[in-house]
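Below is one structure, written out as structure tokens, with a few remarks after it.
Bear in mind that the values in this text are calculations on the coordinates, not laboratory data. A quick note: this is a predicted structure, and the numbers were derived from the prediction, not measured. Reconstructed Cβ throughout: ideal geometry from the backbone, glycine too, with neighbour counts over all protein chains shown.
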Amino acid sequence: MESAERTTETPTLREEKKAPQVGGSWEEDPAVLDWKLPQDKKGGDGQQERKWQMGDIEETLPQPIIYHEILWRDWQDLYNPDLVALGEKQFDFTVLSYNILSQDLIEQNSHLYQHCPPSILHWDYRWPNLLQELQHWEADILCLQEVQENHYKDQIQPSLSALGYSCHYKRRTGRKTDGCAICFKTQRFTLLLESHVEFFRPAVDVLNRDNVGLVLLLRPVLSEEASEGLSPPSLCVANTHLLYNPRRGDIKLAQLALLLAEVDKLSSTTEGQRCPIILCGDLNATPNSPLYQLLHNGVLNCRGLPAWKVSGQDQYCGVPHSRILPFPLWPDILGVNDRCQYTAMRPPKVKDRKIYTRQRILEFRYCECALQRPQNLVLIKGVTDNKPDPQASAAQAGIFPDPPDSLLRTPHLLQHHLQLTSAYTHFLPAKDRHEVTTFPLGIGSTVDYIFYSAEPVPICNTNQGLRFFQDSKLKLLGRLCLLTEDDLWAAQGLPNPFCCSDHLCLLARFSLDLSTP
């Protein structure tokens, strides 16, 4: 059992990349170190010919790509010791989120990888390098997406188990062959609860896709000395991969709401509080999108919002569809309200009839649908020419805001109360460029995230932009910097001989406060 105050070396990618261990020794990976540009030629003696003739001018060919330099990723320390109170006990841990690229999806979408040499797309080449990358970062919690089921059973789960991880997997429904996995080090955490979330619901039109989520409730493992007099708080870890289709933002929002409802359920304690949350995944939405706004701000106004604008992936839509988000987005039979929480559903009974009091009738009188003017209403001066003020009328009638389980919904608003913020800022000031996590069709984009529980700053108004947060029970100690679109252009995109997925991994280090319940 390890101490709660664990010290580790600062991660870096400035070391040379090596191939996985074979026969007890480490060997340089020739596919990486000997990679050359396609236009390089070989001379008669078998050596690389570095020059060519064009008329009377002798030109020098470009040098081979040095992936170790182009794809260096620095570690950014955010820890401020002055913010930690004296005597405060902390539990430090790292979280890695990574879309490792399913092999079946490579074969089904081969047009996306025409820039890659076929040899580096084979799973037999990619998995050893992916495993080496996971070993290098040695994260306490791994959240993996696009994990192919047969690869998970035959290679991924056995390899990670040998490294001390407890592995948990949820395959996508239907005929899909990949899914999500959460793996945690058994020396660092114990499992309390595990929940598999299937987004496909046959009776709900907006949930007709096979994406899934996985939620674990973990408890830190403390040494006997560190755990004296302490009951470590639980940690709720969620992982998902939302629908890609840029036009179907309505489906993405419904999937996210279902995941948030499950997280809300598992993170709620018996004392009526909430344990810290880590939410990872490939959300297929950009940081400037309405879906991101919902997750980060806790509220989204859906009125008049086109479905193709929800994810911010407008460049992939082609000719956008004119579908406007309906409200409500899903029917009541789903059992999830517009605050992304489960509702208590009771089977209907004949004798259990709702009694409509005068107060309830007044609520219907001033709801939005009752304030719509009929098209053929005859205009009578002093009778039908006035526009009612719903707020003033409700106040005069003594109507107060709806209770949590009210029949009425807040018009066109989606909300949640989990208070989440991103571990990344999505901008690199040193390079004056936006961060990217993937590079489809030569366009850099951020779609992968690590969100965590934080405390909103009270003075900030969400109507003026994104809400601001400050660390609370979870403190962000550092993160592995991402790259820019220019960096990936220089490395000839993703995957490449150095990065064996079409996504970059995200890595963040947190500190969990053990001194508060």
**OP:** Output the Cα-based Rg and Dmax of the stretch 193-329 in Å, rounding Rg to one decimal and Dmax to a whole number.
**Re:** 17.7, 62
**OP:** Go through the stretch 418-435 residue by residue and turn each phi into a ³J(HN,Hα) via Karplus (6.51, -1.76, 1.60, θ = phi - 60°); whole Hz please, and just put x for glycine and proline.
**Re:** 8, 6, 10, 9, 7, 6, 10, 9, 6, 8, 10, x, 4, 9, 6, 9, 6, 6
**OP:** Show the residues, 5+ positions off or on another chain, whose built amide H is closer than 5 Å to the amide H of residue 501.
**Re:** 496
Original post:
So what J values fall out for the stretch 489-496 if you push phi through Karplus, 6.51 cos²θ - 1.76 cosθ + 1.60 with θ = phi - 60°, rounded to Hz, Gly and Pro as x?
Top reply: 4, 5, 8, 6, x, 10, x, 9
Original post:
In whole Å, what is the distance between the alpha-carbon centres of the stretch 102-155 and the stretch 259-305?
Top reply: 28
Subject >> Long-range amide H partners of residue 302 with built H, under 5 Å >> reply: 413, 414
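Give me 92, 250, 124, 154 sorted ascending by neighbouring Cβ count inside 10 Å, so fewest comes first.
124, 154, 92, 250
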**OP:** Please sort by residue number the trypsin sites (Lys or Arg not before Pro) in the stretch 228-329 whose DSSP state is loop and whose Cβ has at most 15 other Cβ atoms within 10 Å.
**Re:** 303, 323
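Using the structure shown, list the pairs from 170/265; 185/252; 265/473; 176/252; 170/252; 153/176 with a Cα-Cα distance above 22 Å, or answer none.
Cα-Cα > 22 Å for 185/252; rest within.
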**OP:** Rank these for me by crowding, 104, 486, 502, going from fewest to most other beta carbons within 10 Å.
**Re:** 486, 104, 502
Original post:
Ranked by Cβ crowding within 10 angstrom, fewest neighbours first, how are 501, 422 ordered?
Top reply: 501, 422
